[in-house]
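Everything on this sheet refers to the single structure shown next.
Coordinate-derived values only; no laboratory data. Note that this is a predicted model, so its numbers are computed, not measured. Heads up, the Cβs are rebuilt from the backbone with ideal geometry, glycines too, and the neighbour counts pull from every protein chain shown.
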Amino acid sequence: MKIKHTALPWDDTSRAALRSRLGEWFRAAGRDLPWRRTLDPYAVMVSEFMLQQTQVATVIDFFNRWMLRFPDFEALAAANEAEVLHAWQGLGYYSRARNLHRAAQRVVADHRGRLPADVALIGLLPGVGRYTAGAIGSFAFDLATPAVDANIARVLARLLDLQEPVDTARGQQILWAAAEGLLPGRRGREHTSALMELGALVCLPTRPRCAECPVREFCTAKNPELLPRKKPRRKAVPMLERCAWIVEDESILLEQQTGPRWRGLWKLPSLSEEQQGELLLETTYAFTHHRVTLQVYAGAAPGQVAGEQRWFSKGELPQAAFASAHGRALRVLADQTGFAVPGFLDASL
Ligand code: SF4
């Protein structure tokens, strides 16, 4: 998109001053995060995939473990999907792991294991949208290229006092144009990191700390707490998921998922509406626009195990990757019923 500096409420001098304040503040207050210590495009890409729907504090341990297990594009490309899903377990949104795996395979096949320093080419990789391509371009290659994530969207919406909902095509267009208009001429790494960090540490969603904000003199927000505006949300649709807890001879029966979202992950076996039993656990989780109630009933071993089901011994359990809600339910019930597997119970509870 072409830069429209006129869309910004600051002249060239003010934009330069805003960038300079932001940079000074970031050098003093920015957090020391593992992926900020490296310019390795692979490490940057892994961190960006992990951070897409997960908090920084959660990602740090996963990132460090992942880099030990799959240190570069070649190592990840050569792994099988079960290993990749297992290493991702606990982060949720497994399509990110599958896309990262496929992206690594493409980098190895098409670019001889080296990510090109080209945002357009990076954007062609599986799971890499406009934001991720821009972020990798900025953080790994220091390109002056825009990247608008939720933190930057909030900061920009407030700086501009933007009344347009940010989750509309028009809102996005304004934000990306503003992000581009604010870029320095070169060396985008620090600038993009600083904007993002301002959103994470100062320009907070509910209580922005305007009194300590390094760019407050440039901010036009009248009621920053009310920004960014969003489209009204769809009401969550309730769904019921019934499953069975079937344990026999120190083994548990599990079922492998086949749908596109959780393909390859394990879950507790499904139970039809007619099948009854003692209710052992009820929990809820969100899934797209659904509010799912997961009920787990005590079940008996079936006469015949279905094709997608198999028995897992206690020892095998820590090697299986689970859909998040099922993994949590399994750990709770393993603990409650005495089907305890120490390594499994300790992992990512
Ligand atoms: S002054 Fe307040 S609302 Fe404006 S950018 Fe800073 S923290 Fe955000």
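Treating each Cα of the chain as one equal point scatterer and applying the Debye formula with no solvent, the log10 of I(q)/I(0) at q = 0.12 Å⁻¹ comes out as -0.96.
Taking the Cα centre of region 169-243 as origin, sum charge times position over the Cβ atoms of Lys and Arg (+1) and Asp and Glu (-1), and report the length of that vector in debye to the nearest 20.
The dipole of region 169-243 has a size of about 480 debye.
For the residues M45, M196, what sequence is obtained by ranking on other C-beta atoms within 10 Å, fewest first?
Working: M45 27, M196 23.
The most exposed by this proxy come first: M196, M45.
Only the Cβ atoms of Lys and Arg (+1) and of Asp and Glu (-1) were treated as charged; on that basis the dipole of region 1-102 about its Cα centre amounts to roughly 360 debye.
For F287, nonlocal amide neighbours, meaning residues 5 or more places apart or on other chains whose placed amide H falls under 5 Å from its own, are V292. Protection proxy ranking of 83-93, 145-155, 55-65, 14-24, by the mean of other Cβ atoms within 10 Å over each peptide's residues and highest first, is 145-155, 83-93, 14-24, 55-65.
Normalized C-alpha radius of gyration of region 237-346, against 2.2 N^0.38 Å? Numbers along the way, then the final one.
Details: Rg = 13.3 Å, N = 110, 2.2 N^0.38 = 13.1 Å.
Against the empirical 2.2 N^0.38 Å value, I get 1.01 for region 237-346.
By the rule of a C-alpha distance below 17 Å, with chain neighbours fewer than 8 residues away ignored, the aspartates and glutamates paired with K230 are D149, D161, E164, D167.
Relative contact order for region 237-346 using alpha-carbon pairs under 8 Å, separation at least 6, rounded to a whole percent? Each step should come with its number before you reach the end.
Working: 178 pairs, mean separation 35.3, N = 110.
Relative contact order comes out at 32 percent.
Within the chain, DSSP assigns beta bridges of which about 65% are antiparallel (rounded to the nearest 5). If the segment from D12 to T38 were pulled out straight at 0.36 nm per residue, it would be longer than the present Cα-Cα gap by 6.2 nm.
Tell me, what is the percent relative contact order of region 8-167, built from C-alpha pairs under 8 Å that lie six or more residues apart?
Numbers: 133 pairs, mean separation 32.4, N = 160.
Relative contact order for region 8-167 comes out at 20 percent.
Remark: relative contact order (the chain) = 16 percent; criterion is Cα-Cα distance under 8 angstrom and separation of 6 or more residues. Dividing the summed -39500 (n - 2.57) terms of all DSSP H runs of n ≥ 4 by the residue count of the chain sets its mean residue ellipticity at 222 nm at -13000 deg cm²/dmol.
Cα-Cα pairs above 23 Å in region 142-301: how many percent? Numbers along the way, then the final one.
Working: 7326 of 12720 pairs.
So the pairs more than 23 Å apart make up 58 percent of the total in region 142-301.
Dipole orientation for region 214-343: of the candidates T220, V332, G299, T220 has the Cα lying most toward the positive pole (charges on Cβ; Lys, Arg +1; Asp, Glu -1). If you plug the beta carbon distance of T206 and S270 into 1/(1 + (r/R0)^6) with R0 = 45 Å, you get a FRET efficiency near 0.70.
Placing +1 on the Cβ of every Lys and Arg and -1 on the Cβ of every Asp and Glu, with nothing else charged, gives the chain a dipole about its Cα centre of roughly 1480 debye.
On a full-extension model of 0.36 nm per residue, what is the gain between S95 and L240, subtracting their alpha-carbon distance, rounded to one decimal in nm?
Values: separation 145, 0.36 × 145 = 52.20 nm, distance 2.29 nm.
Net length gain for the segment: 49.9 nm.
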